[in-house]
Amino acid sequence: MEQLKAKMVGRWRVIFDQTFLHMIYSFKGFIPVVHPSSFVHPQAAVTGNVIIGKNVYVGPGAAIRGDWGGIVIEDGCNVQENCTIHMFPGVTVLLKEGAHIGHGAVIHGATIGRNCLVGMNSVIMDNVELGDECIVGALSFIKADEKIPARSLLVGNPAKIIKQVSDEMIGWKTEGTRLYQMLPGEMKSEWVACEALTEVPVDRPEQSSLYKTWNSVKGSE
């Protein structure tokens with residue numbers, strides 16, 4: 001049985017690798033650079049002048065387009081599902097170490113500071129400089145050319161600074177990002193293409209609760 005299982009896993013890995021081999025693309029001589037410790041989902045598209053550092057997670061559906069300018073994603077960042085990173089010609093987008101880009105967010109020609117959190121479906125526009133350890137709430141819109149001081153908490157459309165990020169809040173953020181920094185290694189060791197089951201097995205394990213929402217953490221203080 002174990003030999004059959006290993007053979008099936010091997011067959012699906014070959015199919016998977018062959019199917020999604022070409023989701024990283026060179027453009028005008030620029031070939032993306034991805035550190036071996038990072039994980040770029042094969043359903044993400046990475047194009048051109050892109051440099052991805054260590055322990056970076058890039059989720060499925062992400063579009064990282066270094067066709068008109070450069071994109072640098074430093075160590076420990078994550079770019080989650082369906083995010084878009086792009087720019088006007090000649091601009092370099094920079095995600096500094098530990099930046100956390102939530103599901104569906106758009107980063108266009110901006111610099112995202114160290115250990116920032118950009119919430120789900122937020123839009124950060126051209127020439128924005130988001131200071132270190134800022135937190136941007138979900139669905140926020142930061143207008144072009146804004147310079148945001150470090151440790152700012154922003155929400156709204158257009159986004160406004162509503163208060164400073166506390167030590168407790170940035171600690172919560174850092175803990176969540178740490179899970180994403182572990183995820184590339186886990187994906188490399190545990191992620192296997194397979195066929196779906198037709199029913200739930202009786203011995204299906206429970207998943208651990210590794211992290212809580214900010215409201216849950218705040219409410220327990």
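Numerical summary
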{"quantity": "Cα gyration tensor shape of region 22-132, rounded if a/c is under 1.5, else prolate or oblate by comparing a/b with b/c", "calculated": "rounded"}
{"quantity": "Cut-off 12 Å between beta-carbons: net charge of the residues surrounding D126, Lys and Arg +1, Asp and Glu -1", "calculated": "-2"}
{"quantity": "Solvent-accessible area per residue, Å², over the chain with all protein chains present [probe radius 1.4 Å]", "calculated": "57"}
{"quantity": "The chain shape via C-alpha gyration tensor axes, a/c threshold 1.5", "calculated": "oblate"}
{"quantity": "Environment charge of S38, counting only residues whose C-beta is closer than 14 Å and scoring Lys/Arg +1, Asp/Glu -1", "calculated": "-2"}
{"quantity": "Cα-based helix-to-principal-axis angle, 2-19 vs the chain, degrees rounded to 10", "calculated": "50"}
{"quantity": "CD proxy at 222 nm, helix term only [per DSSP H run n ≥ 4: -39500 (n - 2.57); per residue of the chain; nearest 500]", "calculated": "-7500 deg cm²/dmol"}
{"quantity": "Share of carbon and sulfur in the accessible heavy-atom surface of region 99-158 [1.4 Å probe, %]", "calculated": "56"}
{"quantity": "³J(HN,Hα), Karplus 6.51/-1.76/1.60, whole Hz, each residue of region 74-91, x for Gly, Pro", "calculated": "6, 3, x, 7, 9, 10, 7, 4, 6, 6, 10, 10, 7, 6, 6, x, x, 9"}
{"quantity": "For R178, solvent-accessible area (1.4 Å; no DNA, RNA or ligand), Å²", "calculated": "120"}
{"quantity": "Sum of side-chain charges, D75 neighbourhood, beta-carbon under 14 Å (Lys, Arg +1; Asp, Glu -1)", "calculated": "+2"}
{"quantity": "Counting DSSP beta bridges with both ends in region 118-162, the antiparallel % (nearest 5)", "calculated": "30"}
{"quantity": "Antiparallel content of DSSP bridges confined to the chain, in %, to 5", "calculated": "10"}
{"quantity": "Rounded percent of accessible protein surface that carbon and sulfur make up, region 31-93, 1.4 Å probe", "calculated": "58"}
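The values are calculated or read from the model by the stated rules, or taken from the named source; none is laboratory data. Everything quoted here is computed from the prediction, not taken from an experiment. All Cβ positions, glycine included, derive from the backbone under ideal geometry; neighbour counts span all protein chains shown. When the accessible area is computed, the model is the full protein with side chains, heavy atoms only, and any ligands, DNA or RNA have been set aside. Shrake-Rupley method; radii C 1.70, N 1.55, O 1.52, S 1.80 Å.
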